[in-house]
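Colleague: Right, I'll just put the structure down here and ask away after.
The values are calculated or read from the model by the stated rules, or taken from the named source; none is laboratory data. Everything numeric in this text was worked out from a predicted model, so none of it was measured. When we count neighbours, we look across all protein chains shown, and the Cβ atoms used for this are built from the backbone with ideal geometry, even at glycine.
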């Protein structure tokens with residue numbers, strides 16, 4: 001991997017140091033707003049609507065508690081990124097052994113898929129409500145937002161933040177108008193801030209609210225996004241960055257809290273007080289809003305739903321990149337990762353619609369948020385350990401009272417999750433009847449294994465002091481000693497030829513590598529249909545013409561004093577070049593990259609990457 005920075009495409013791309021006064025403060029603002037959209041995505045809508053319609057204003061205190069926990073943990077995440085220059089996944093990779101990092105990656109990826117599932121369903125429902133597009137087609141259309149992400153990445157960090165902020169503005173404005181329409185009871189709202197007992201469906205929805213609000217993948221994301229600011233690596237610069245990012249986080253998450261509270265209050269005022277206690281589907285909420293308040297409220301509702309889904313999709317994709325690169329040290333093209341995550345998320349949505357019908361999507365939405373909550377502890381515990389370590393954080397280690405609050409939050413989430421898992425498995429066993437054997441065979445062992453993994457993550461830093469003095473959580477190792485560095489001499493250099501103007505550049509760079517002491521092998525691939533099927537037995541006009549051109553290249557180079565031979569391959573360019581190189585004594589390969597952009601880059605760029613991964617010799621890629 002050429003770049004070790006988290007989100008290297010935009011790492012350090014915003015420079016606050018060039019600005020003064022309020023403009024300097026404003027330059028730090030942005031990362032937390034990208035985080036905050038995850039707290040007002042369609043998954044939040046589902047849990048808030050279910051909570052408000054079933055229990056009125058009674059679960060507002062759960063929203064407030066979740067927001068305070070999110071504020072605490074996100075400030076720790078930002079601190080880790082600013083002080084150490086690491087995201088949470090990179091820190092976890094170096095702090096825990098490989099056998100722990102793989103399940104941590106899988107769990108984080110499941111959380112991202114669960115989040116993406118919520119965005120898919122929300123977008124599909126929004127399109128259905130506004131334009132009447134069937135849900136199954138709406139879900140299919142969401143694949144296209146991969147293009148939007150690629151566009152935003154190319155435009156830079158500030159453009160992405162501007163897009164997200166505009167989406168947040170649409171969501172907030174929509175619900176501000178709706179609050180005036182429904183006229184809630186403010187005395188009952190105030191009572192909702194008093195904690196009440198959580199049991200049965202109230203506990204299930206409360207866990208969904210916590211998962212939808214705190215969101216584990218956002219902890220990975222925030223620790224990376226703060227690194228897009230190029231700060232002074234001094235005590236003053238770091239302290240200033242921590243302060244401004246805390247302000248950014250506090251403002252953004254409190255705005256998200258008001259939006260979530262508005263959704264729950266809207267559901268309580270519109271449905272619970274009117275006797276509609278079982279509203280679980282976003283579509284039902286839309287219809288009831290239309291019946292009770294006319295057309296304005298539901299239209300704003302649908303517009304906000306689409307905006308929240310689209311903005312959360314972008315942040316979910318960035319989190320997927322961070323998790324993969326951090327835990328596995330694996331980097332793939334953003335569009336490939338985006339498409340893969342989306343397809344994995346679309347599968348359960350398709351299955352639910354086809355098998356259980358469209359009315360089951362609301363339940364799937366809430367389940368996706370419960371999954372997020374169940375994964376929270378696996379991200380929170382490492383984060384608390386890292387930011388509590390005097391050895392790693394130095395003078396920027398968190399204070400004792402902050403550490404106590406963080407552990408209280410973590411223990412609260414773990415206890416609630418354990419209670420939910422026990423209750424749900426017990427209910428599944430009762431409902432399964434004679435088929436409950438499968439729960440004992442599959443579900444319970446998985447639950448026990450995850451419990452043991454969590455126990456290890458909690459206890460390992462406390463029990464193991466091995467190599468603590470020398471252990472580092474840097475993304476890569478230390479610089480190597482180059483004193484005995486030997487310069488290789490290449491004896492047979494392969495040169496990929498395509499009979500275009502680019503051949504001059506490729507040949508010139510090849511000659512620079514070996515001079516007149518090396519031998520050169522000119523390689524050209526015939527890609528006609530006949531060549532694909534008949535290989536070396538093909539005698540079509542293109543093959544004859546290409547061989548004649550190769551002879552001319554060889555003769556001209558020989559006249560200049562170089563030793564040259566040529567060979568022709570057939571069929572797929574990448575596999576044919578790799579076959580020739582691996583089957584000969586070529587020890588260095590020179591290829592041309594012709595500066596293709598957009599769709600052409602996907603096609604022609606893949607040839608170079610495929611060759612690089614399939615040959616055993618160094619490859620020089622020459623760009624015109």
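Colleague: Only residues in the range 120-135 that are more than 16 Å from residue 345 (Cβ to Cβ) count as the first member; pair them with residues that are outside any helix (DSSP H, G or I), Cβ under 6 angstrom, at least 6 apart or cross-chain, and list the lot.
Modeller: Short answer, once both residue conditions are applied: 127/133.
Colleague: Moving on. Does residue 564 meet the test of being at pLDDT 90 or above and part of a helix (DSSP H, G or I)? Outline the logic, then answer.
Modeller: On the way: at pLDDT 90 or above: yes; part of a helix (DSSP H, G or I): no.
Here the answer is no, as residue 564 does not meet what is asked.
Colleague: Looking at 432, 460, which is the one that is within 29 Å of the chain's Cα centre (by Cα), modelled with pLDDT under 85 and surrounded by 13 or more Cβ atoms within 10 Å (Cβ to Cβ)?
Modeller: Working: 432 fails: within 29 Å of the chain's Cα centre (by Cα).
Selected residue: 460, the only one of 432, 460 that is within 29 Å of the chain's Cα centre (by Cα), modelled with pLDDT under 85 and surrounded by 13 or more Cβ atoms within 10 Å (Cβ to Cβ).
Colleague: Looking at the range 395-429 only, could you name the residues that are in contact (Cβ under 8 Å) with a residue 40 or more places away in the chain, outside the structural domain of residue 376 (by TED's automatic domain parsing) and over 30 Å from the mean Cα position of the chain (by Cα)?
Modeller: If the condition is that a residue be in contact (Cβ under 8 Å) with a residue 40 or more places away in the chain, outside the structural domain of residue 376 (by TED's automatic domain parsing) and over 30 Å from the mean Cα position of the chain (by Cα), then 423 is the only one that fits.
Colleague: Just for the range 238-249: of the residues that are under 11 Å from residue 82 (Cβ atoms) and touching a helix residue (DSSP H, G or I) at 6+ places or on another chain (Cβ under 8 Å), which one is surrounded by the fewest Cβ atoms within 10 Å (Cβ to Cβ)? Can you show your working first?
Modeller: Here is the first cut: in the range 238-249, the ones under 11 Å from residue 82 (Cβ atoms) are 238-246.
Filter again for touching a helix residue (DSSP H, G or I) at 6+ places or on another chain (Cβ under 8 Å), leaving 238-239, 241-242, 244-246.
Working: 238: 18, 239: 14, 241: 23, 242: 17, 244: 22, 245: 27, 246: 16.
So, considering only residues that are under 11 Å from residue 82 (Cβ atoms) and touching a helix residue (DSSP H, G or I) at 6+ places or on another chain (Cβ under 8 Å), the one surrounded by the fewest Cβ atoms within 10 Å (Cβ to Cβ) is 239.
Colleague: For residue 532, which of the numbered conditions (1) modelled with pLDDT under 90; (2) in a helix (DSSP H, G or I); (3) more than 40 Å from the chain's Cα centre (by Cα) fails to hold?
Modeller: Of everything listed in (1) modelled with pLDDT under 90; (2) in a helix (DSSP H, G or I); (3) more than 40 Å from the chain's Cα centre (by Cα), residue 532 misses just condition (3).
Colleague: Please go through the range 567-587 and give me each residue that is in contact with a strand residue (DSSP E or B) (Cβ under 9 Å, 6 or more places away or on another chain), farther than 11 Å from residue 519 by Cα and not in a helix (DSSP H, G or I), ordered by number.
Modeller: Residues satisfying the conditions are 567, 568, 569, 570, 571, 572, 584.
Colleague: I'd like to know if the range 342-354 contains one or more residues that are out of contact with any helix residue (DSSP H, G or I) (no Cβ under 7 Å at 6 or more places or on another chain), modelled with pLDDT of 70 or more and farther than 15 Å from residue 119 by Cα. Spell out the reasoning first.
Modeller: So in the range 342-354, the residues out of contact with any helix residue (DSSP H, G or I) (no Cβ under 7 Å at 6 or more places or on another chain) come out as 343, 347, 351, 354.
Restricting the remaining residues to those that are modelled with pLDDT of 70 or more gives 343, 347, 351, 354.
Checking the rest, the ones that are also farther than 15 Å from residue 119 by Cα come to 351, 354.
Yes - at least one qualifying residue is present in the range 342-354.
Colleague: Just the residues that are outside any helix (DSSP H, G or I) and without any contact (Cβ under 8 Å) to a residue 12 or more places away in the chain, please, taken from the range 206-250. Quick ask: steps written out before the conclusion?
Modeller: Step one: list which residues in the range 206-250 are outside any helix (DSSP H, G or I), which gives 215, 229-234.
Passing the criteria: 233, 234.
Colleague: Any residue at all in the range 572-586 that's more than 13 Å from residue 525 (Cβ to Cβ), buried (at least 19 other Cβ atoms within 10 Å of the Cβ) and at pLDDT 90 or above?
Modeller: Yes, the range 572-586 contains a residue that is more than 13 Å from residue 525 (Cβ to Cβ), buried (at least 19 other Cβ atoms within 10 Å of the Cβ) and at pLDDT 90 or above.
Colleague: Before we move on, is residue 337 in the same structural domain as residue 224 (by TED's automatic domain parsing), part of a helix (DSSP H, G or I) and either modelled with pLDDT of 75 or more or touching a helix residue (DSSP H, G or I) at 6+ places or on another chain (Cβ under 6 Å) (or both)? Quick ask: steps written out before the conclusion?
Modeller: On the way: in the same structural domain as residue 224 (by TED's automatic domain parsing): yes; part of a helix (DSSP H, G or I): yes; either modelled with pLDDT of 75 or more or touching a helix residue (DSSP H, G or I) at 6+ places or on another chain (Cβ under 6 Å) (or both): yes.
Taking the combined requirement at face value, the residue satisfies it.
Colleague: Next up: Exactly one condition in (1) at pLDDT 80 or above; (2) touching a helix residue (DSSP H, G or I) at 6+ places or on another chain (Cβ under 6 Å) is false for residue 217; which is it?
Modeller: Against the list (1) at pLDDT 80 or above; (2) touching a helix residue (DSSP H, G or I) at 6+ places or on another chain (Cβ under 6 Å), residue 217 comes up short only on (1).
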